[in-house]
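Here the structure comes first, spelled out in structure tokens, and everything after it is commentary.
Quick note: the coordinates plus some simple rules give every number you see, no bench work behind them. Since this is a predicted model, take the numbers as computed values, not measurements. Glycine also receives a Cβ, built like all others from the backbone with ideal geometry; neighbour counts cover every protein chain displayed.
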Amino acid sequence: MSILEKAMAYVRRKAEEFLPKLRELSPSQVVVVHHDDADGLCAGAVASKALENLGLAPSRVCLEKMIPEAVEKIHSMEGGLIVYCDIGSPHGDMIAKLNHGRNLVVILDHHDPTPGDDPLVIDVNLEYAGFRGEEEFSGATCAYLFAKALSRENIELAPLALVGSMEIPAGFKGINAEVLEEALKEGFVESRGKKLFIKSLGVHVEELFSKLQVLGPVGYYSGGPELGVMSCLEGVSEEFWRRVEELEARRKEANRKLLAMLYRGRLKQEKYIQWFDSGDVYKGMGTKVVGTFCSFLSYQRRLVKPDKYIMGFMEMPRLIPGLGELPKEYTKVSVRVPRELQRMVDEGGRPTAVKLLEEGCRGFGLADGHAYAASAILERSRELELVRKADGFVEEFKEA
Ligand SMILES: [Mn+2]
């Protein structure tokens, strides 16, 4: 059995679990909840199309992060169908808890899953079948396989699995390698030089990926995700290129402005942390931009200390597009670990970025991430408290 056949056998079982429940429920409301990056937009497009092909009419909500208040709002309906794309698996327990048996839920994701205990929550994540979500499949691939299990006609969505999978640094491996083979064999994509051309959309896989990476996150509060999903389904228009260019220019200008502010003394120094508040520099843009800026900053050796954590804050608008207002005001914080500090983290002398944030905002925020990069959403105006707690935690960690 090929890798793809093995993966399909697992996903088919999940589809067979889903379809009778769907028939029994016949949901009045169907919501696709998807992440804001290229993989999330592609996965959201695939799931939307697959649901439409089942005769359903999904609406969409794009989430930058699994904010509990937002998830609670989504699950407050009853007797509906909610499909998570490229987001959700790590919080399977929270989803189950907040869903409370009210709606049928499908999760199409590739991040490390945490199981919940609601039988109406079906997590299709292939990590549960022994595949590796960091290397072998993306959120869009998971959505594609599920779509194909629902109906063979969805095979034409294969190129979107490839676009989403471009986020995986290892290239097309495992399941993804075989999806690529399938897309080439079916004639949906064509090898042109070193690139892959998607015939139905009139754009290269690589190009669509890099533009969606701007459109979704930077354009989060200005209709970017919806334009991205529509472009995945109907092809790229003049407006698509224009919007991407405009967003890129706006972000570039904002980054330039913020960098100048930091050189003028806005980068504050604690014992182990150097941090800044981006003020209203990124107003109107999605909160991912502050994380991208922190990554860029970690290479600015003239400005940053190589042995201190970099921490950047950005206010989050209260309104979640397509969902409504959150009950409280929040701030997004991003952390990056510069090269020299990375070595100290590896040797166990300093906490990881995600640990730093977990400890820093315990009780008033939710962190996630990895060793060198992490982010959190915290209650507004508790930023300073987080900085102090995190700095104190490093001191304790070091001595322990
Ligand atoms: Mn992804």
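Dipole check for the chain: with +1 at the C-beta of Lys and Arg, -1 at the C-beta of Asp and Glu, and the Cα centre as origin, the magnitude is about 1260 Debye. Entry note, the chain: the mean residue ellipticity at 222 nm calculated from DSSP H runs of n ≥ 4, each adding -39500 (n - 2.57), is -14000 deg cm²/dmol after division by the residues and rounding to the nearest 500. The magnitude of the dipole of segment 77-150, with charges of +1 and -1 set on the Cβ of Lys/Arg and Asp/Glu and taken from the Cα centre, is near 280 debye. Most tightly packed first, judged by the mean number of other beta-carbon atoms within 10 Å of their residues, the peptides 155-165, 110-120 read 155-165, 110-120. Counting neighbouring beta carbons within 10 Å and listing from fewest to most, the residues S76, S222 come out as S76, S222. With both partners inside the chain, how many of the DSSP beta bridges are antiparallel, as a percent to the nearest 5? Approximately 55 percent, going by the DSSP bridge assignments. Could you tell me how many degrees, from 0 to 90 and to the nearest 10, lie between the Cα long axis of helix 139-150 and the main elongation axis, the longest principal axis, of the Cα atoms of the chain? The angle comes out at about 20 degrees.
Computed from Cα positions, the angle between helix 3-25 and the longest principal axis of the chain comes to roughly 80 degrees. Distance from the Cα centre of segment 111-180 to that of segment 233-306, in angstrom? The two parts, judged by their Cα centres, are 31 Å apart.
Place a label point 7 angstrom from the Cα of E347 along the Cα-to-Cβ direction, then list the residues of segment 299-338 whose backbone nitrogen is under 17 Å away. Hits in segment 299-338 for E347 at 17 Å: 306-309, 338. When the Cα positions of C42, V105, S237 are compared along the charge dipole of the chain, S237 comes out farthest toward the positive end, with charges on each C-beta of Lys, Arg, Asp and Glu.
Relative to the longest principal axis of the Cα atoms of the chain, the long axis of helix 38-52 lies at roughly 30 degrees. Projecting the Cα atoms of Q274, P351, A390 onto the charge dipole of segment 265-399 (Cβ charges, centred on the Cα centre) puts Q274 farthest toward the positive pole. Look at the alpha carbon pairs under 8 Å that are at least 6 residues apart: their mean separation over the length of the chain gives a relative contact order of 12 percent. Based on Cα contacts under 8 Å between residues 6+ apart, segment 153-263 shows a relative contact order of 19 percent. Taking amide H as placed 1.01 Å from N in the peptide plane, V30 has its amide H under 5 Å from the amide H of S59, L81, each at least 5 places away in sequence or on another chain. When the listed pairs K283/K308; K328/K355; K252/K308; K14/K173; K332/K389; K173/K195 are checked against a 20 Å cut-off, the alpha-carbon distance exceeds it for K283/K308; K328/K355; K252/K308; K14/K173. Excluding L227 itself, what net charge comes from residues whose Cβ is under 9 Å from its Cβ, given Lys and Arg +1 and Asp and Glu -1? After counting each charged neighbour, the total is -1.
By the count of neighbouring beta-carbon atoms within 10 Å, fewest first, D346, D368, D86 end up ordered D346, D368, D86.
A crude spin-label estimate for the pair E190 and S2, with each label 7 Å from Cα along the Cβ direction, gives 2.2 nm.
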